[in-house]
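Peer 1: A single structure is presented below for examination.
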Amino acid sequence: GYGLVAGSGVRLPPLPTLRDIVKLYKLQAIKQLSQNFLMDERLTDKIVRAVGRIDVNDVVLEVGPGPGGITRSILRKQPRRLILVEKDRRFLPSLELLKECVEPLGQTTVDIHQGDILRFPIGEVIPDGSGRIHLIGNLPFAISTRLLINWLEDLSLRRKAFRRPDTTMTLTFQQEVAERICAPIDHSQRCRLSVMSQIWTQPVFKFTIPGKAFVPKPEVDVGVVKLIPLKHPKTDLPFKLVEKVCRHTFSMRQKYCRRGYGTLFPEKDRADIIQELFELADVDPLARPFQLSVEEYIRLAKVYHDFIEKNPEVALYDYRAPKVKVNSNCAV
Ligand code: SAM
């Protein structure tokens, strides 16, 4: 049998090395898809350790497994079920190989799905009562940010992967984005993504992976962030509304926060409205956007919410389209 290796879980059956896999299946990274592979087992193990405890009844979903480095580290932890979602078909045979090696051991079932994670029906693939879910991914940067926003929205609605309150997310981002997600009040990197992440989760910056650890090497370093959903999210307001308020307020980072926030309202009555709403929200209109707390953003969102309930036409207002009134995509 395959004995336990101290600290790193079960030993996998003999497998070709990742480098051999890449050669064998001719898996040259495709630059347009921002493919950068992690070949160093110590680093892939470290990413999986960042997830925290993975129990034998847990379900892990890995996005973008590629040639399967992180996948191998997850398998050593022996979750009950591992779901792989990979867009690039070229990786399917090497993932099948992993599945065939691991399933006979009897603990982990591996499901391989070819497709785009942004369209993947997690809620159907992981039915209710499936156990705790861990979401893991080393994805192209643009997609991990998009995906995080989607998942935060799912979390706010307690749907899909977030029907249970204890789902975890462990994702890689461009170092700077990882810092933004975790940036506290007054931090130079504080932005919309910080506030949105911190309303629904506790983001924890885990560690940096130097760019040179990847093959091929990306231009930037990579930050690993674990996001733990809050037991009690800080608001029940609709995700898209909060997002809109944060987006507008941060749109003029270096100005007083009332400037960006003001762009939510028609110019004609703007000055009066924002004076009233900042008073109602008990927020200093002369603070800079990065100097406001999460609670202050929520209060600004709440007074905006109440205002557009009374003045529904204002929800459709788009300050970038001054002449014609359009139903813009930032309408809530
Ligand atoms: N996880 C591997 C590793 O760490 O070595 C590969 C990382 S590579 C940066 C990103 C992987 O995500 C690639 O395998 C790529 O094909 C896949 N990918 C990119 N966009 C995707 C999407 N929308 N849905 C699922 N997988 C995607």
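Peer 1: With Rg and the Kirkwood Rh both taken from Cα atoms, where does Rg over Rh land for the stretch 202-319?
Peer 2: Rg divided by Rh gives 1.11.
Peer 1: Now for a separate question. Place a point 7 Å from the Cα of Glu124 along the Cα-to-Cβ direction; which residues of the stretch 142-161 have their backbone N under 14 Å from it?
Peer 2: Hits in the stretch 142-161 for Glu124 at 14 Å: 160.
Peer 1: Could you give the length gained by full extension between Leu24 and Asp116, i.e. 0.36 nm per residue of separation minus their alpha carbon distance, to one decimal place?
Peer 2: Extra length from Leu24 to Asp116 when fully extended: 30.6 nm.
Peer 1: Going by C-beta contacts inside 10 Å, put Thr263, Thr17 in order with the fewest on the left. Mind showing how you got there, number by number?
Peer 2: Numbers: Thr263 18, Thr17 11.
By the 10 Å Cβ count, ascending, the order reads Thr17, Thr263.
Peer 1: Identify, among Trp200, Leu280, Thr249, the residue whose Cα sits farthest towards the positive end of the charge dipole of the stretch 185-289, taking +1 on the Cβ of Lys and Arg and -1 on the Cβ of Asp and Glu, with the dipole about the Cα centre.
Peer 2: So the residue we want is Trp200.
Peer 1: Can you give the FRET efficiency to the nearest 0.05 for Glu100 and His187, using r as the Cβ-Cβ distance and R₀ = 35 Å?
Peer 2: On the way: r = 47 Å, r/R0 = 1.35.
The pair Glu100/His187 has a calculated efficiency of 0.15.
Peer 1: How much net charge surrounds Glu296 when only the other residues with a Cβ under 10 Å from the Cβ of Glu296 are counted, with Lys and Arg +1 and Asp and Glu -1? Let's see the in-between values first.
Peer 2: Values: positive: Arg299; negative: Asp282, Asp284, Glu295.
Taking every other residue near Glu296 into account, the sum is -2.
Peer 1: Once amide H atoms are placed 1.01 Å from N in the peptide plane, what residues at a sequence separation of 5 or more from Lys206, or on another chain, have their amide H within under 5 Å of its amide H?
Peer 2: Answer set, sorted by chain and number: Val224, Val225, Lys226.
Peer 1: Highest GNM mean-square fluctuation, the chain, Cα pairs closer than 10 Å: which of Gly66, Gly123, Gly131?
Peer 2: Gly123
Peer 1: Starting from the Cα of Asp284, step 7 Å toward the Cβ, then list every residue of the stretch 174-196 with an amide N under 16 Å from that point.
Peer 2: The answer is 185-187, whose backbone nitrogens lie closer than 16 Å to the label point.
Peer 1: Averaged over all directions, how much area does the convex hull of the C-alpha atoms of the stretch 1-125 cover when projected, in nm²? Don't skip to the end; give the middle numbers.
Peer 2: Working: hull surface 31.1 nm².
Directional mean of the projected Cα hull area for the stretch 1-125 stands at 7.8 nm².
Peer 1: Taking 0.36 nm per residue of sequence separation and subtracting the Cα-Cα distance, how much length would be gained by fully extending the chain between Lys46 and Gln291, in nm to one decimal?
Peer 2: 84.8 nm
Peer 1: Ok, one more. Taking the number of other C-beta atoms within 10 Å as the exposure measure, put Tyr304, Tyr319 in order starting with the fewest.
Peer 2: If I rank by nearby Cβ atoms, fewest first, I get Tyr319, Tyr304.
Peer 1: Moving on. How long, wide and thick is the chain, going by the Cα atoms along their three principal axes, in whole angstroms, largest first?
Peer 2: Over the chain, Cα extents along the principal axes are 74, 41, 36 Å.
Peer 1: Next question, about the same structure. Of Val220, Ala321, Phe239, whose Cα points farthest to the positive end of the dipole of the chain (charges on the beta-carbon: +1 Lys, Arg; -1 Asp, Glu; origin at the Cα centre)?
Peer 2: Farthest towards the positive pole: Val220.
Peer 1: For the chain, what does -39500 (n - 2.57) per DSSP helix run (n ≥ 4), summed and divided by total residues, give at 222 nm, in deg cm²/dmol to the nearest 500?
Peer 2: -11000 deg cm²/dmol
Peer 1: Given the Cα-Cα distance of Arg158 and Leu230 and 0.36 nm per residue of separation, how much length would full extension add, in nm?
Peer 2: Stretched fully, the Arg158-Leu230 segment lengthens by 24.7 nm.
Peer 1: Considering only the other residues whose Cβ falls under 13 Å of the Cβ of Lys231, what net charge follows from Lys and Arg at +1 and Asp and Glu at -1?
Peer 2: Surrounding charge for Lys231 is +2.
Peer 1: Moving to a separate point now. Only Lys, Arg, Asp and Glu count, each charged at its Cβ (+1, +1, -1, -1), so figure out the dipole size of the chain about its Cα centre, rounded to 20 debye.
Peer 2: The dipole of the chain has a size of about 660 debye.
Peer 1: Of Pro65, Gln35, Gln107, whose Cα points farthest to the positive end of the dipole of the stretch 1-114 (charges on the beta-carbon: +1 Lys, Arg; -1 Asp, Glu; origin at the Cα centre)?
Peer 2: Among Pro65, Gln35, Gln107, the one farthest towards the positive end of the dipole of the stretch 1-114 is Gln35.
Peer 1: Going by how many other beta carbons lie within 10 Å of each one, how would you line up Ile185, Ile47, Ile308, Ile74, fewest first?
Peer 2: Working: Ile185 15, Ile47 25, Ile308 19, Ile74 28.
Going from least to most buried by this count: Ile185, Ile308, Ile47, Ile74.
Peer 1: Short version: ³J(HN,Hα) in whole Hz for each residue of the stretch 121-136, in order, from phi by Karplus 6.51 cos²θ - 1.76 cosθ + 1.60 (θ = phi - 60°), x for Gly and Pro, what are they?
Peer 2: Using θ = phi - 60°, the values come out as x, 3, x, 7, 6, 10, x, 3, x, 8, x, 5, 10, 10, 9, 10 Hz.
Rule-based calculations on the coordinates, nothing more; no lab input. All values reported here derive from a predicted model rather than from experimental measurement. So basically every Cβ, Gly included, is an ideal-geometry build from the backbone, and we count neighbours across all protein chains shown.
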